[in-house]
Amino acid sequence: MKLLIVLAAIPTIISTYKGIKDMFYPRTDFPYTEIRNATEDYFDSIDDALEVAHDEYNIWSVMEDEIESNGKRFLVFTYGPSHHYVNVLGYIVTKEAHNGNTYFEEYLEMDD
């Protein structure tokens with residue numbers, strides 16, 4: 001009986017997490033001008049990006065993920081602090097600094 005109560009609470013926890021995530025991860029285009037490497041691509045490492053950045057708070061990691069929602073598939077690009085390593089495409093630099101907890105998500109609908 002206790003196990004059923006715990007399992008019944010999981011959807012509430014997940015939906016609460018999604019609501020919290022939506023508050024902190026604006027679903028909007030990345031609002032800052034990106035500074036990329038000499039070939040206009042992502043920097044391969046934080047050290048490479050530090051050559052043009054003021055400090056680590058001007059470096060953003062760009063991560064990629066795929067999700068499915070309402071029967072549609074999306075490619076999601078998340079811009080966040082540079083301390084991420086999973087699914088990272090590379091790093092960009094901006095004149096604007098982040099606070100170490102700022103994220104932006106861009107969604108691109110995928111064709112079937």
**OP:** Could you check Thr39 against (1) surrounded by 11 or more Cβ atoms within 10 Å (Cβ to Cβ); (2) modelled with pLDDT of 90 or more and say which number it fails?
**Re:** (1)
Subject >> Among (1) hydrophobic (A, V, I, L, M, F, W, C); (2) without any contact (Cβ under 8 Å) to a residue 12 or more places away in the chain; (3) touching a helix residue (DSSP H, G or I) at 6+ places or on another chain (Cβ under 8 Å) - the single one Ile67 does not satisfy >> reply: (3)
Subject >> Residue list for the stretch 28-48, restricted to those being more than 17 Å from the chain's Cα centre (by Cα), farther than 19 Å from Glu105 by Cα and of a type in the set (A, V, I, L, M) >> reply: Ala38
Subject >> Pairs where the first residue, in the stretch 99-110, is over 20 Å from Glu56 (Cα atoms) and at pLDDT 90 or above and the second is small (Gly, Ala, Ser) and assigned to a loop (DSSP other than H, G, I, E, B), C-beta under 7 Å, 6+ apart >> reply: none
**OP:** Among the residues of the stretch 58-72, count how many are at pLDDT below 95 and over 15 Å from Glu106 (Cβ atoms).
**Re:** 4
**OP:** Please state which of the following conditions Ala49 fails to meet, knowing it meets all the rest: (1) under 14 Å from Glu34 (Cα atoms); (2) surrounded by fewer than 17 Cβ atoms within 10 Å (Cβ to Cβ); (3) not acidic (Asp, Glu).
**Re:** (2)
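The values are calculated or read from the model by the stated rules, or taken from the named source; none is laboratory data. All values derive from a computational prediction rather than experimental measurement. Reconstructed Cβ throughout: ideal geometry from the backbone, glycine too, with neighbour counts over all protein chains shown.
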